[in-house]
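Notes follow once the structure below has been shown.
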Amino acid sequence: MASIVGSFNTAQIAALTTAQVVALTTEDIAVLSTTQIGAFTTTQIGVLETRDLAFFTTTQLSGGFTTAQVAALTTSQVAALTTAQVASLTTVQVAALETRDVAALTTGQVAALTTAQIVAGLTTAQVVALTTAQAAALTTGQVAALTTSQVTALETTDLAAIRTAGIAALGTTQVGVLTTAQVAALTTGQVGALTTAQVASGLTTAQVVALTTNQAASLTSAQVAA
């Protein structure tokens, strides 16, 4: 039997009880328009079953969910989103995610974020909320796309978890804004991965002074010469 939910107006959608929302079937979700989705209250959004969220198309998710609805998602709901759904979120939707929800993203979901979502979506508070596992999951392109504000917002443990290829992909301006505490937290592998351009044009005198003995020892002759 065809779902009758598609014939509901926005007032009827908003009037659904939480029990009725929980009872929505995959057929019901499939016929929802973006306008209807936008009519759901934040309370209704919060009771959607995690398994049902996966049935929203990327168009329904990115075109229908308001920022208030995105903020209303629970950590379990956010973690249940597919990587395709995560990648479809608009930058304003990404920015609307609660920090606890950002911390709940799987490493696969984090890796699925586009550079546009990283640059224009992630707030500095959300960057702070990243776990070390999530930081380690960042791709080279994602790390290279970080704004200077996002770079300085990285916690030292998270920075140390970024893959060496990601560190090597940082621009000289990004390297230059690293705090001395962040520089001191870099692993010897990360220090050794710095390009000569990053060392010559990125590192400041204060940053060089902040290097530990082990970090300094890991510098290559080419890096020292730079």
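Only one of the values [x] 7, 26, 29, 24, 11, 2, 0; [y] 8, 30, 35, 22, 6, 0; [z] 8, 31, 24, 16, 11, 7, 2, 0 was calculated from this structure for P(r) over Cα pairs in 10 Å bins from 0, in percent; name its label.
For P(r) over Cα pairs in 10 Å bins from 0, in percent, the calculated option is [z].
Can you give the Rg to Rh ratio for the stretch 67-122, taking only C-alpha atoms and Rh from Kirkwood?
Computed over Cα atoms, the ratio is 0.90.
What residue among ALA23, ALA184, ALA80 has the largest mean-square fluctuation in a Gaussian network model of the chain, using Cα springs under 10 Å?
Of the options given, ALA23 has the highest mean-square fluctuation.
Using Cα pairs under 8 angstrom and six or more residues apart, how large is the relative contact order of the chain, in percent?
Relative contact order comes out at 12 percent.
Output ³J(HN,Hα) for the stretch 124-138: one whole-Hz value per residue in order, computed from phi by the Karplus curve 6.51 cos²θ - 1.76 cosθ + 1.60 with θ = phi - 60°, and x for Gly and Pro.
Here the 3J(HN,Hα) series is 5, 5, 5, 4, 4, 6, 4, 8, 5, 5, 5, 4, 5, 7, 4 Hz.
Just the projected area, averaged over all directions, of the convex hull on the alpha carbon atoms of the stretch 10-143: how many nm²?
The orientation-averaged projected area of the Cα hull of the stretch 10-143 comes to 7.2 nm².
So what is the relative contact order of the stretch 131-221, in percent, for Cα pairs below 8 Å that sit 6 or more residues apart?
29
Of GLU27, GLU155, how do they rank once you tally other Cβ atoms within 10 Å and put the fewest first?
GLU27, GLU155
Among SER3, SER218, which comes first, second and so on when ranked by fewest other beta-carbon atoms within 10 Å?
Fewest-to-most Cβ neighbours within 10 Å comes out as SER3, SER218.
What percent does the relative contact order of the stretch 78-148 come to when contacts are Cα pairs within less than 8 Å and at least six residues apart?
38
Taking θ = phi - 60°, what integer Hz values does the Karplus form 6.51 cos²θ - 1.76 cosθ + 1.60 yield along the stretch 147-160, in sequence order, with x for Gly and Pro?
7, 4, 5, 5, 4, 5, 7, 4, 5, 4, 5, 6, 4, 5
Since every read-out is calculated from the coordinates, none of them should be taken as a lab result. Note that the structure is predicted; figures quoted are calculated from it, not measured. So basically every Cβ, Gly included, is an ideal-geometry build from the backbone, and we count neighbours across all protein chains shown.
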